Structures are given as C-alpha cells and as structure tokens.
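Undergrad: Below: one structure in structure tokens.
The values are calculated or read from the model by the stated rules, or taken from the named source; none is laboratory data. These figures come from a predicted structure and were not determined experimentally. As a convention, Cβ positions derive from the backbone with ideal geometry for all residues, glycine included, and neighbour counts pool all protein chains shown. Ligands, DNA and RNA are stripped out before the accessible areas are found, and what is left, the full protein with its side chains, is counted by its heavy atoms. Shrake-Rupley method; radii C 1.70, N 1.55, O 1.52, S 1.80 Å.
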There are 2 protein chains.
Amino acid sequence: MDPAAIGIFDSGLGGLSVLRAVQRAAPGAELLYVADHAHAPYGEQSPQAIKARALALARWLVTQRVQALVVACNTATALAVQALRQELALPVVGIEPAVKPAAERTRSGVIGVLATSAMVASERMARLCDDHARPRGVRVLLQSGTGLVERIEAGDLDGPLTRALVERHVAPLRAAGIDVLVLGCTHYPLIAPTLQEALGAGVQLLDPAEAVARELLRRLGPAGESVIATPAQPAPIRLLTTGDPPAVQQVVNRLWTAEPEVQALKGV
Amino acid sequence: MDPAAIGIFDSGLGGLSVLRAVQRAAPGAELLYVADHAHAPYGEQSPQAIKARALALARWLVTQRVQALVVACNTATALAVQALRQELALPVVGIEPAVKPAAERTRSGVIGVLATSAMVASERMARLCDDHARPRGVRVLLQSGTGLVERIEAGDLDGPLTRALVERHVAPLRAAGIDVLVLGCTHYPLIAPTLQEALGAGVQLLDPAEAVARELLRRLGPAGESVIATPAQPAPIRLLTTGDPPAVQQVVNRLWTAEPEVQALKGV
C-alpha cells in the first residue's frame with residue numbers, strides 16, 4: 001500500500017521549514033513539495049498573480065492524489081487560501097504570522113512582524129493586528145524583509161550580505177524595544193540564528209510551522225492515523241521545482257540537515 | 001540557553017532507528033548518541049560483559065549532563081536496565097520486543113521474534129512470552145538473527161549476503177505461518193524492506209521505537225516540554241563511537257536519510 005501523500009507548496013524553499021514540522025508530525029506520510037522558482041519571489045508581486053500561481057500549483061498537486069494540501073507560504077495563504085478551499089474538495093491548511101501568540105507573550109508591549117511586502121500590505125495582516133494586538137494594547141511594528149528571500153534562495157544563510165540586510169531590517173525593531181519577533185515568511189526560520197544574533201537573546205522568535213503541522217493532523221481526522229505512525233523506513237519526500245533543478249539541488253543540499261559527524265569516544 | 005540533552009546508546013548503529021523516533025517526538029532536544037563499536041556486537045556476549053558496558057556508557061553520558069537516558073538496544077535493556085535505574089538518578093527508558101502488541105494482533109495465532117542470541121536466551125524474553133503470548137494461546141517462534149547485526153554495521157542493508165542471511169532466518173518463520181514479526185533488535189528496522197520482501201506482504205513487522213519515544217516523554221514529565229517544541233533550526237545530534245570514527249562515518253552516511261533529489265515540474 002502506498003503511504004498517504006501530503007502536498008506542500010511555496011514560492012521557493014522557505015516552505016522546507018514547514019515540511020520539517022509536517023515530517024515530524026506525520027512521519028508516515030509521503031511528502032510532495034513544489035517550489036515555484038519560475039515565478040518567485042511572490043512577496044513583491046500583485047495579489048492576482050500570486051493567487052493564480054497558488055491555484056495552478058494546488059490543481060497540479062490534486063492530480064498527484066494528495067490527501068491534503070499545505071500552503072507553506074504566508075503570502076499565498078493570505079491571498080489565496082479561501083479560493084483554494086472553495087475550489088478543492090480536500091483539507092487545505094495555510095500558514096499565517098503568529099501575531100496572536102506574540103501579543104499574548106510580550107511583556108514590553110511591542111512586537112515585531114517580519115514579512116514580505118505583499119504580506120505586510122495584505123488585508124489579512126491588518127486584520128490579525130486588529131483582532132489580536134490592538135485589543136491588548138500591544139503595538140505591532142510591521143517590517144518588510146525586502147531582499148531576504150533572495151539571499152536565502154541563494155543558500156546564503158549567514159554571509160556578509162545576509163547579515164547586512166538582517167541588520168538593516170531589525171535595527172528599527174530593536175530600537176523600538178520589541179521582545180517578540182513574528183517570523184511572517186516561511187523562509188525566515190532558515191536564518192533564525194542570524195536573526196537571533198542581530199536581535200539579542202532577549203527577543204523571542206515565533207515560527208508557526210509546528211502549529212500548522214498540528215492543524216494538518218486535525219483536518220485529516222481519522223484518515224490521518226496512517227501518517228502519524230513512525231514507519232520503519234522514512235517515508236519518501238519528493239521535491240519539485242518549476243525552476244532549474246540543478247541550481248535548486250545545490251541549495252537544498254546546503255539547507256538539508258546533513259548527517260552528523262562521528263566523533264571518537266575514548267577511555268570509556 | 002542550551003537545549004535539553006538526551007543520551008542514547010547501543011552496541012552500534014542499530015539504535016539510530018530509535019534515535020529517529022526520539023528526534024521526531026522531541027525535536028527540541030540535543031541528542032547524544034554513543035555506539036559501542038569497540039565492544040560490539042553485544043548479542044553473542046555474556047550477560048556480565050554486556051551489563052558492565054551498559055553501566056560504563058551510561059555513567060559517561062551522565063557526565064555529559066543528559067536529562068534522560070535511552071537504552072537503544074534490546075539486549076542491553078534486558079540485561080542492564082534494572083541496574084541502570086538503581087544507580088542513576090535520572091529517567092532511564094529501555095526498549096524491548098513488542099511481544100504483547102504482536103500477541104494482540106495475530107490472527108494466525110503464531111508470531112515470530114527475531115533477536116540476538118543473548119536476547120533469545122534472556123530471562124526477560126521468557127517472561128515476555130509467558131506474560132503476553134501463552135495466556136492468549138499464541139505460539140511464539142524465537143529466532144536468533146545471527147550475523148545480521150554485522151551485515152548492517154557493514155552498511156549492507158540489501159546485498160546478496162544480507163539477503164541470504166535473512167532468507168535463512170525467516171524461512172522457518174514463514175513455514176510456521178507467522179503473521180506478525182517482532183523486531184527484537186534495534187538494528188533490524190534498518191533492513192525492514194529486506195525482511196518484508198522475504199516474508200511477504202501478509203506479515204506485519206513490529207518496531208517499538210515509537211513507543212520508546214512516547215515513554216521517554218512521559219518519564220520526562222513537565223521537564224520535557226522544551227524538547228517537544230519544534231525549534232527553528234534542528235537541534236544538534238552528536239554521534240560518538242568507541243570504535244573507528246572514519247569507518248563508522250561511512251556507514252552513517254549510508255544509513256542517514258539523504259537530502260531528496262530535486263526534480264523538474266514543467267507546464268504548471
């Protein structure tokens with residue numbers, strides 16, 4: 001029997017941070033991941049263009065007999081998740097910035113959200129702040145992470161260019177006294193150590209990937225049982241890109257958790 | 001803050017099948033894995049020798065400030081887990097053959113247990129059969145997997161020599177009409193596809209690794225909360241061997257889940 005399959009898509013490789021969490025929650029599921037490199041990055045495009053891409057990718061994934069769909073991109077979720085749910089007869093789980101948990105956790109009363117320009121400008125973003133931060137008297141600083149997705153897609157997680165960009169984006173957040181930073185783009189968890197270093201240890205980073213994985217299991221219901229069991233061998237992962245596979249492979253190899261280095265234990 | 005650390009040990013690399021399950025259940029925990037290659041395999045040694053090695057490795061892991069210990073070896077669990085619990089003031093979780101679930105699931109009334117010679121001959125094994133199979137009228141065939149651990153440690157998961165050994169060990173089980181095979185050594189899940197092929201699709205393989213991971217979380221109690229959270233970056237894994245690191249590294253690289261191959265998606 002083939003394992004249950006779950007479809008995941010993103011503009012690029014940022015959704016691998018979500019794939020990791022899904023893989024942990026559903027180790028028995030085959031994961032089918034599509035990176036839309038031919039049309040990336042999404043964050044600076046028109047809402048109509050992003051919605052069209054999300055629908056095209058989702059329709060293709062449905063032809064691959066996936067049992068559920070994870071939109072592993074905050075921007076695509078904000079702009080297309082409703083359309084996807086209307087059109088598709090399977091569970092569709094999106095990801096959105098963890099503004100609510102951040103507003104509940106902050107002690108300084110000031111939180112930051114780092115997201116793409118399209119996400120920062122979206123109605124969904126405004127609604128999240130209105131619903132969860134304003135009623136608590138929490139101030140939200142919305143910061144566009146312009147350029148970061150491109151650095152991460154180039155496999156540069158902590159080089160000088162990435163560090164300079166991070167510093168430019170977080171300086172105003174740090175100055176405003178945020179104590180929680182919401183990672184509002186699935187690419188950003190991949191540079192969490194660089195962000196943490198720039199912000200200092202006192203600022204907590206929030207990544208909703210794990211909540212997405214839990215929500216996926218809830219939506220699957222009883223049909224999800226087979227995916228929760230740990231298989232003797234890891235279930236397969238298929239990675240597809242609409243872009244250039246060899247170039248993408250190089251970055252995947254850098255982002256993937258490499259096998260640990262074996263060290264010697266002597267005298268025991 | 002350093003992540004919580006969990007110590008795991010085995011005679012060799014078989015415990016990596018347990019490490020996988022622990023990593024999924026506790027993605028926030030640093031995992032410290034010791035493979036006792038200098039004294040492997042355990043399965044053909046005296047109970048006293050195996051117990052002495054388990055105590056030596058556990059004592060060393062305690063010096064590394066682990067919060068809990070997982071004995072990722074059925075043989076060492078059967079012979080040393082009580083001594084470890086008496087001596088050490090931290091949670092100690094062992095692994096043992098899933099005879100009870102097997103006896104509950106079988107429809108043919110005949111189950112197989114594939115384990116090391118020491119495990120097959122252990123009092124613990126006799127007690128598991130007396131407690132869980134005999135009262136249900138379930139017949140248990142105990143089969144020593146002599147030679148399999150060595151093949152797996154050589155990185156040979158499905159070559160001709162491994163297949164020939166598997167065929168020799170499973171032939172009597174198949175002939176007796178088992179419908180469940182208990183994997184009684186943590187090395188065997190690594191060759192699950194080879195075993196499954198030799199036994200046929202009608203025989204279910206039982207690996208208790210996931211149950212071990214759940215038991216670990218229960219024993220950690222509230223202290224385990226930090227290990228359950230998915231970190232933005234994977235928590236580190238340290239692999240140590242009392243044997244020859246370069247040789248072990250080669251096998252680890254073969255056993256480790258490699259990064260998936262990126263494929264092209266066209267026309268979407």
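Undergrad: Please work out which one of (1) in contact with a strand residue (DSSP E or B) (Cβ under 7 Å, 6 or more places away or on another chain); (2) touching a residue at least 24 places away in the same chain (Cβ under 8 Å) is the condition residue A:75 fails and give its number.
TA: Just one mismatch for residue A:75, condition (1).
Undergrad: With respect to residue A:193, is the statement that it is in contact (Cβ under 8 Å) with a residue 24 or more places away in the chain and within 21 Å of residue A:151 (Cα to Cα) true?
TA: Yes, satisfied.
Undergrad: Identify the single condition in (1) under 16 Å from residue A:206 (Cβ atoms); (2) crowded, with 24+ Cβ neighbours inside 10 Å; (3) not charged (D, E, K, R) that residue A:108 does not satisfy, given that it satisfies every other one.
TA: The single condition residue A:108 does not satisfy is (2).
Undergrad: What number goes with the only condition from (1) within 13 Å of chain B (Cβ to nearest Cβ); (2) touching a Pro at 6+ places or on another chain (Cβ under 9 Å); (3) at pLDDT 90 or above that residue A:264 does not pass?
TA: Going through (1) within 13 Å of chain B (Cβ to nearest Cβ); (2) touching a Pro at 6+ places or on another chain (Cβ under 9 Å); (3) at pLDDT 90 or above one by one, residue A:264 breaks only (3).
Undergrad: Name the helices (runs of 4 or more DSSP H) wholly within segment A:139-248 that hold at least 3 residues that are touching a strand residue (DSSP E or B) at 6+ places or on another chain (Cβ under 9 Å) and outside the structural domain of residue A:105 (by TED's automatic domain parsing)?
TA: In segment A:139-248, the matching helices (runs of 4 or more DSSP H) lie at A:209-220.
Undergrad: Among the candidates B:152, B:178, B:191, single out the residue that is of a type in the set (A, V, I, L, M, F, W, C) and more than 18 Å from residue B:209 (Cα to Cα).
TA: B:178 is the lone residue from the list that is of a type in the set (A, V, I, L, M, F, W, C) and more than 18 Å from residue B:209 (Cα to Cα).
Undergrad: Let me ask another. For segment A:162-197, give me the residue count where each residue is modelled with pLDDT under 95, over 24 Å from residue A:128 (Cα atoms) and small (Gly, Ala, Ser).
TA: The total comes to 0.
Undergrad: Return yes when residue B:50 is in contact (Cβ under 8 Å) with a residue 60 or more places away in the chain, closer than 19 Å to residue A:268 by Cα, open to solvent by less than 30 Å² (accessible area, probe 1.4 Å) and among the hydrophobic types (A, V, I, L, M, F, W, C) and no when it is not.
TA: yes
Undergrad: Given the conditions (1) free of Cβ contacts under 8 Å to residues at least 60 places away in the same chain; (2) surrounded by 19 or more Cβ atoms within 10 Å (Cβ to Cβ), which single one is not true for residue B:119?
TA: Checking residue B:119 against (1) free of Cβ contacts under 8 Å to residues at least 60 places away in the same chain; (2) surrounded by 19 or more Cβ atoms within 10 Å (Cβ to Cβ), the one that fails is (1).
Undergrad: For residues in segment A:194-213 being within 9 Å of chain B (Cβ to nearest Cβ) and more than 17 Å from residue A:115 (Cα to Cα), which is surrounded by the fewest Cβ atoms within 10 Å (Cβ to Cβ)?
TA: Once the filter is applied, the top-ranked residue is A:201.
Undergrad: Separate question: What number of residues within segment A:145-174 satisfy the criterion of being open to solvent by less than 30 Å² (accessible area, probe 1.4 Å) and under 15 Å from residue A:44 (Cα atoms)?
TA: Final tally of qualifying residues: 4.
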